[in-house]
Amino acid sequence: MMFRVAIVASLFALLIPAQTSRAQKLQQLRVALSTPTPHMAPLWVAKDRKFFEKHGLDVQLILVNSGSLVAQMFAAGELQITANAPASLVNLVAAGEKISFFLCLSNTSPFSVVTQPNIRRSEDLKGKRIGTARFGGSSHISALIALEHLGLDLKRDKITLIQTGVDPDRMAALENKAIDAGMLQRVATKIMTSKGYFPLLNMLQAKINYQNTGLAMKRDYGAANPKSIDGVNRAMIEAYGFIFHKDNKQAVKEIIARNLRLPKVEAAEDFYLEALEELDRKPYPSLDGMRIVIKYVAEQNPKAVGIKVEEIVDTSWLRKLDAEGFFEKVYGGK
């Protein structure tokens with residue numbers, strides 16, 4: 001009897017270090033999210049469903065409500081990967097950083113130009129005030145692109161862009177008539193149009209080319225840690241597959257509701273639909289979309305003039321998965 005106990009005790013002693021060793025083998029990664037929006041769902045799902053762990057990664061998702069602050073932390077080496085709009089990354093490249101924008105979370109602008117009820121034509125925006133979030137962020141660049149699409153020019157038409165915060169702040173600014181128009185995402189647009197505000201331009205429906213949020217890292221980090229970055233890409237594609245599978249709708253809504261801190265799961269329906277609209281089955285970054293971002297950043301930062309899109313976008317990681325049939329494996333060939 002004592003001999004059997006001794007054997008069991010020995011097995012436990014061997015098992016505990018082995019489990020600890022396996023846990024320690026997980027590569028730690030710090031990933032910063034600049035804004036909690038529906039197209040961040042693949043990151044949330046990959047974390048919640050343990051797809052990152054499956055590929056040997058211990059990923060910490062950190063919310064930093066400022067794309068420029070994310071870029072600063074990234075440049076300082078406090079993060080391994082960022083998930084934010086690329087304008088701030090273009091500024092880092094202009095300052096000499098070697099950046100790899102390797103997976104896209106959104107290849108479209110999620111914004112609409114929502115105006116006061118009496119503003120229903122593009123020319124009515126002349127001399128008016130448009131609310132965005134921080135300058136250099138996605139809503140700001142989207143506003144500049146939207147104005148060009150509408151045939152307007154910021155200086156010529158004396159249009160003023162105002163930093164009015166995130167969607168709820170812009171909605172309040174519209175209602176208080178502090179701005180004449182605001183750049184709003186899907187759910188905020190739906191709420192405001194139900195109150196009589198006018199959707200002058202839906203950038204998603206207009207199919208305006210734009211490189212929105214994606215994952216980026218320093219190129220030397222990717223070169224030194226290829227297995228980890230390959231694991232990130234695989235985990236993300238598996239998260240995409242989970243999101244796109246209709247049987248997982250409720251689970252995805254629960255994850256979105258939890259991460260957006262919604263009062264109830266039912267409130268996540270529109271955010272779930274927004275995620276499906278924005279996510280691509282093969283999330284390659286858009287070269288043309290990034291060129292547009294570089295163009296507008298260069299208007300604000302002369303050092304960005306002449307930056308080539310190939311200096312930022314790196315599709316090699318996804319092309320590797322594509323070549324081995326990983327997408328078909330995840331999506332079941334559908």
The aspartates and glutamates whose Cα lies under 16 Å from the Cα of LYS177, excluding any fewer than 8 residues away in the same chain, are ASP124, ASP167, ASP169
Looking only at aspartates and glutamates whose Cα falls under 18 Å of LYS47's and that sit 8 or more positions away or on another chain, we get ASP58, ASP230, GLU238, GLU254
Counting only protein heavy atoms with a 1.4 Å probe and every protein chain in place, the carbon and sulfur fraction of the accessible surface of the stretch 93-248 in whole percent equals 51 percent
Treating every alpha carbon of the stretch 237-334 as one equal point scatterer without solvent, the Debye formula yields log10 I(q)/I(0) values at q = 0.13, 0.20, 0.24, 0.25 Å⁻¹ of -0.68, -0.96, -1.11, -1.16
Measure of exposure for ARG121: accessible area at 1.4 Å probe, Å² rounded to 10, is 130 Å²
For PHE326 the rounded accessible area (nearest 10 Å², probe 1.4 Å, non-protein molecules ignored) is 10 Å²
Between the alpha carbon centres of the stretch 108-127 and the stretch 150-186 the gap in Å comes to 8 Å
The size of the Cβ-based charge dipole (Lys, Arg +1; Asp, Glu -1) of the chain about the Cα centre, to the nearest 20 debye, is 280 debye
Cross-link reach from LYS155 to lysines, straight Cα distance under 20 Å and at least 8 residues apart if same chain, gives LYS126, LYS128, LYS295
Taking the convex hull of the alpha-carbon atoms of the stretch 113-189 and averaging its shadow over every direction gives an area in square nanometres of 4.5 nm²
Options [x] 1.31; [y] 1.12; [z] 0.97 for Cα Rg over 2.2 N^0.38 Å; the value derived from the coordinates is listed as [y]
Among ALA223, TYR272, ALA235, the residue whose Cα sits farthest towards the positive end of the charge dipole of the chain (+1 at Cβ of Lys and Arg, -1 at Cβ of Asp and Glu, taken about the Cα centre) is ALA235
Expressed in angstrom and rounded, the centroid-to-centroid distance over alpha carbons for the stretch 193-208 and the stretch 240-275 is 23 Å
Computed over the Cα atoms of the stretch 180-290, the Rg and Dmax in Å are 17.1, 54
Counting only DSSP beta bridges with both partners in the chain, the antiparallel fraction in percent, to the nearest 5, comes to 50 percent
Placing each pseudo-label 7 Å from Cα in the direction of the beta carbon, ILE62 and GLU266 end up separated by a distance in nanometres of 3.9 nm
Computed about the Cα centre, the charge dipole of the stretch 216-332 from +1 Lys/Arg and -1 Asp/Glu charges at the Cβ has a magnitude in debye, to the nearest 20, of 320 debye
If N is the residue count of the stretch 99-145, its Cα Rg over 2.2 N^0.38 Å rounds to 1.46
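The values are calculated or read from the model by the stated rules, or taken from the named source; none is laboratory data. Note that the structure is predicted; figures quoted are calculated from it, not measured. Reconstructed Cβ throughout: ideal geometry from the backbone, glycine too, with neighbour counts over all protein chains shown. Heads up: the accessible areas ignore ligands, DNA and RNA and are worked out on the full protein's heavy atoms, side chains in. Shrake-Rupley method; radii C 1.70, N 1.55, O 1.52, S 1.80 Å.
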